[in-house]
1. Exactly one of (1) outside any helix (DSSP H, G or I); (2) at pLDDT 85 or above; (3) surrounded by fewer than 17 Cβ atoms within 10 Å (Cβ to Cβ); (4) of a type in the set (V, I, T) is unmet by T315. Its number?
2. One residue is enough: does region 228-239 have a residue meeting the conditions surrounded by 14 or more Cβ atoms within 10 Å (Cβ to Cβ), modelled with pLDDT under 85 and more than 22 Å from P181 (Cα to Cα)?
3. Taking interchain pairs and intrachain pairs at least six residues apart, which have beta carbon atoms under 7 angstrom, with the first residue in region 192-220 and more than 20 Å from A248 (Cβ to Cβ) and the second at pLDDT below 85 and surrounded by 16 or more Cβ atoms within 10 Å (Cβ to Cβ)?
4. One residue is enough: does region 10-31 have a residue meeting the conditions modelled with pLDDT of 85 or more, out of contact with any Cys (no Cβ under 6 Å at 6 or more places or on another chain) and within 16 Å of K106 (Cβ to Cβ)?
5. Please go through region 172-224 and pick out each residue that is acidic (D, E) and either buried (at least 17 other Cβ atoms within 10 Å of the Cβ) or within 20 Å of E242 (Cβ to Cβ) (or both).
6. Within region 59-77, take every residue that is under 20 Å from the mean Cα position of the chain (by Cα) and part of a loop (DSSP other than H, G, I, E, B) and give me the one that is surrounded by the fewest Cβ atoms within 10 Å (Cβ to Cβ).
7. Residue by residue through region 166-191, note down the ones that are of a type in the set (K, R) and touching a residue at least 60 places away in the same chain (Cβ under 8 Å).
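The values are calculated or read from the model by the stated rules, or taken from the named source; none is laboratory data. If you're wondering where the values come from, they're calculated on a predicted model, not measured in any experiment. We place every Cβ from the backbone using ideal geometry, glycine too, and count neighbours over all the protein chains shown.
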Amino acid sequence: MEPKTRYLIYARISPRGSDYEGETSIPTQIEYCRRFVAARGGVVVGELSDKFASGGDLDRPAMQQILRQLAGTPEWDTLITYNLSRLTRSPRDMYTIMDALNDAKKTYVSATEPNFDFSTLAGEMMIGVISHVNQYMRKQLAKATHDRMMSIAARGEWPAGRAPFGYRRREPKNNILAIDPGNAAIVRDIFRMYASSDCETMAIARKYFRILSKNTILNILHNPIYIGKIRYGGQEFDGKHEPIIDAATYARVQDKMPNPEYHERPKSRRYPYLLAGLLRCSCGRALTPQSAKSGQYAYYVCGDQIHRHVRVSATKLDEMAVDYIRHIEIDKEVLDAVVDQLREDERIAAQKREPELRALRDRMAALEKEKQNIVDTLLSDGRLHQSIIKTANERVEKLDVEISAIAEDLERLTPVYNQADLYKAAVEFVAGLNKFSQLVQEQSDPDTLRLIIRTYIDRVEMREDGSFAVYPNSNIISSPNPTIWQPRLDSNQG
């Protein structure tokens with residue numbers, strides 16, 4: 001009798017919380033995975049989850065625990081999640097996770113996407129494509145949100161988030177700041193103290209340590225909001241709010257404050273190393289990225305002591321990889337499968353949003369009706385007692401707050417971009433993999449180029465004579481025979 005496959009369940013909900021996750025709350029994700037494992041005769045040996053954690057990076061306690069297990073000897077065979085987006089929404093992080101799984105000889109499965117066999121090369125390609133499309137959509141939404149916030153700032157209004165110390169919002173949905181008298185007095189005192197000739201930030205921090213941190217004080221001193229300006233997205237606009245500090249005092253403070261210099265990242269860290277993770281030396285060890293002369297030269301080098309002299313120009317090897325796949329076409333069946341999956345993901349996402357949207361609309365209609373009834377009662381009967389009028393007004397104010405909150409939720413759940421156009425662009429990206437030459441010319445993002453290269457190339461192995469055998473993804477390219485490259489070894493350069 002063959003041993004049962006051992007599964008580790010991982011679940012995640014975003015920082016918005018389970019109230020907005022609908023059917024994909026952590027308990028539901030875990031239960032769905034349990035049923036998936038039971039149906040396949042497996043056994044669950046562990047359950048990990050990250051609550052209120054973004055899928056945009058790997059800085060999550062449970063995910064870090066999984067990666068530590070993979071660095072050792074995990075007591076499970078397969079990592080399972082409710083769907084791919086619960087694992088990560090970043091193509092770069094997806095490769096990190098998949099490389100760790102491959103190194104530990106473990107597999108991954110999505111409970112709601114069983115038609116994809118992620119243990120195959122075609123499955124890995126689909127993971128990469130879907131992850132990139134998810135990231136693309138997220139970036140498009142972020143850009144649309146940024147543009148909307150920028151337009152608010154350009155009107156002289158506060159765009160988003162908590163009002164700066166010393167100000168408050170006038171009322172819900174009103175972005176013009178109003179002065180908070182108590183905190184504004186503290187702001188004036190902070191500027192007055194720092195503008196004096198003998199006062200430093202530590203003295204201010206000691207005085208207001210129960211209210212403000214030192215970093216907050218420094219941010220206050222740097223912020224032009226207090227002279228009537230709105231700073232957003234690297235630009236400044238004239239605000240509609242009343243200044244707390246006069247321009248002369250603000251200028252004296254800026255002259256006195258230090259201006260830290262911000263240095264760019266070293267050139268050695270800017271080269272993208274498109275083939276990282278795919279290269280093997282003739283000794284079997286991985287060829288890893290390295291640079292010389294402050295990033296002037298980029299190499300792939302062997303970490304083995306005997307082969308430590310092996311050093312190949314990264315730019316030459318990466319150029320060969322790009323040239324190798326310029327005229328390759330992906331099998332149409334693979335493309336169709338990816339597009340079908342994207343369509344299904346969009347349909348499911350729309351279905352999941354609709355109940356919450358419907359409930360929010362119904363709740364808003366009920367609140368609006370209650371508010372109108374109160375207003376009609378007040379207008380129709382002028383003999384109401386003053387206490388009743390006061391109570392009614394207080395209730396109307398509470399209704400307005402709740403209505404505003406619901407309106408914000410509706411705005412959050414309703415994409416600010418055209419869904420049809422965005423989805424069309426996502427599908428075109430998938431089809432664009434068959435037009436690699438054009439895509440490379442238009443795409444400068446290293447993560448995207450790595451994704452495309454990994455789509456076509458399974459691995460690249462160095463031979464004793466210094467040539468490289470390039471093994472294509474056999475699920476995409478019909479010919480399994482390797483192609484031989486002859487890059488020049490740069491063992492004396494740098």
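1. Answer for T315: the failing condition is (1).
2. No, there is no match, as no residue in region 228-239 is surrounded by 14 or more Cβ atoms within 10 Å (Cβ to Cβ), modelled with pLDDT under 85 and more than 22 Å from P181 (Cα to Cα).
3. Within 7 Å, the pairs are K214/T201; I217/T201; L218/T201.
4. Checked region 10-31: at least one residue is modelled with pLDDT of 85 or more, out of contact with any Cys (no Cβ under 6 Å at 6 or more places or on another chain) and within 16 Å of K106 (Cβ to Cβ).
5. D180, D189, listed by residue number.
6. Applying the filter and picking the extreme gives D59.
7. Matches in region 166-191: K173 only.
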